[in-house]
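**Q** Below is one structure. I have some questions about it.
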Amino acid sequence: MKLSLFGYVKQRLKTAIALDVVFALYLAFCLGSGIYFGVSGATGVCIRAFVFMLFVPVVYIAEYLLKLEITPATCALMLFIGVGSLLGSGFNVYTTVPFFDTVLHGISGFVFACIGFSVLKVLIGNPDNSKRFFACLIFGFICSLAIAALWELFEFTASLISGTDIQEDTIVSGFQSFLISGDHSNAYDAGDILQTVIQFKDGREPLVIDGYLDIGLIDTIEDMAICLGGAVIYCIALTADWFTAKKSLNRFFIPAYTGKKTHTETEVAVTE
């Protein structure tokens, strides 16, 4: 008899102890952060911390509907992305640890590739041969890049709507421009820029920048490139692991598909 959603969650809570620990730590962090930011008056980050707690029931619902069992390792990496967002903007880790955003985008590239791999497993079943495995692998890679592009579109849209700087600026010393040259066969080279002076219509004091201000393009491309790097690592690591006897990485990161298995078989389901 098919379990109800409530029954499924109850069963998972009893059998997936490692996953329970990951969820408990994540919820404790979000709850503590929400209370802290609420008391300190940071309303936006406070709301985000409590909203992020909804990720836990979303995982259970997705597992139930897709007949997947996410691994604790993949779930921990997914949750770390959410934790990292709170740490980065709320606790200002993006400023104190400049490479922190790079780490998050690299992890997201790997995690989203694993999710894409799993989605195709739902459609074609467990990959029991190399042809199916590489189909899932390629689909996961493409899925990761697609999510990266959608995320950057979201950041761009959110910046426009909220008037914030989600796609962070970069100061550069030069650029090339067809617009300035007026000729698409010969770009104008604005190199070795010392200063840029920004004058305001309302009479404010001019803003002087040591260089030229790139408003988000470099950040966007770098984030997508880092996500690509994470997806490439996923491809290389899982491909090498596929040809080993134990397939440890596949077991460790790729959610098991349980759609056509009994409960007993589900407990030992692996990507083969």
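The values are calculated or read from the model by the stated rules, or taken from the named source; none is laboratory data. Not measured: the values here are computed from a predicted model. We place every Cβ from the backbone using ideal geometry, glycine too, and count neighbours over all the protein chains shown. Heads up: the accessible areas ignore ligands, DNA and RNA and are worked out on the full protein's heavy atoms, side chains in. Shrake-Rupley method; radii C 1.70, N 1.55, O 1.52, S 1.80 Å.
**Q** Pick out the one residue from V208, V232 that is assigned to a helix (DSSP H, G or I), out of contact with any His (no Cβ under 6 Å at 6 or more places or on another chain) and not acidic (D, E).
**A** V232
**Q** For the structure I just gave you, tell me whether I215 is within 27 Å of G44 (Cβ to Cβ) and open to solvent by 50 Å² or more (accessible area, probe 1.4 Å).
**A** Yes: the conditions hold for I215.
**Q** Here's a follow-up. Condition check: under 23 Å from A158 (Cβ atoms) and surrounded by 19 or more Cβ atoms within 10 Å (Cβ to Cβ). Does F50 satisfy that?
**A** no
**Q** Hey, among the residues in the range 1-14 that are assigned to a helix (DSSP H, G or I) and open to solvent by 80 Å² or more (accessible area, probe 1.4 Å), which one's nearest to Y64 (Cα to Cα)?
**A** Here the residue is F6.
**Q** From the residues in the range 170-199 that are touching a residue at least 24 places away in the same chain (Cβ under 8 Å) and not hydrophobic (A, V, I, L, M, F, W, C), which one is surrounded by the most Cβ atoms within 10 Å (Cβ to Cβ)?
**A** Here the answer is T170.
**Q** So in the range 213-228, with the set limited to residues that are in a helix (DSSP H, G or I) and aliphatic (A, V, I, L, M), which one is nearest to F100 (Cα to Cα)?
**A** I226
**Q** Which ones in the range 14-41 are more than 23 Å from the chain's Cα centre (by Cα) and charged (D, E, K, R)?
**A** Passing the criteria: only K14.
**Q** If you don't mind, another one. If I filter the range 239-272 down to residues being small (G, A, S) and more than 16 Å from Y64 (Cβ to Cβ), which single residue comes out as modelled with the highest pLDDT?
**A** A240
Let's see how each residue does on (1) polar (S, T, N, Q); (2) open to solvent by less than 30 Å² (accessible area, probe 1.4 Å); (3) touching a strand residue (DSSP E or B) at 6+ places or on another chain (Cβ under 6 Å); (4) closer than 26 Å to I233 by Cβ:
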site: A76; (1), (2), (3), (4): no, no, no, yes
site: H105; (1), (2), (3), (4): no, yes, no, yes
site: G109; (1), (2), (3), (4): no, yes, no, yes
site: F141; (1), (2), (3), (4): no, no, no, yes
site: S162; (1), (2), (3), (4): yes, no, no, no
site: E168; (1), (2), (3), (4): no, no, no, yes
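**Q** Right, something else. Looking for whichever is outside any strand (DSSP E or B) and at pLDDT below 90 here; the options are D165, D202, D192. Which one fits?
**A** Selected residue: D165, the only one of D165, D202, D192 that is outside any strand (DSSP E or B) and at pLDDT below 90.
**Q** Taking the range 62-74 only, how many residues are assigned to a helix (DSSP H, G or I), more than 13 Å from L3 (Cβ to Cβ) and either open to solvent by 40 Å² or more (accessible area, probe 1.4 Å) or not β-branched (V, I, T) (or both)?
**A** Summing the residues that are assigned to a helix (DSSP H, G or I), more than 13 Å from L3 (Cβ to Cβ) and either open to solvent by 40 Å² or more (accessible area, probe 1.4 Å) or not β-branched (V, I, T) (or both) in the range 62-74 gives 4.
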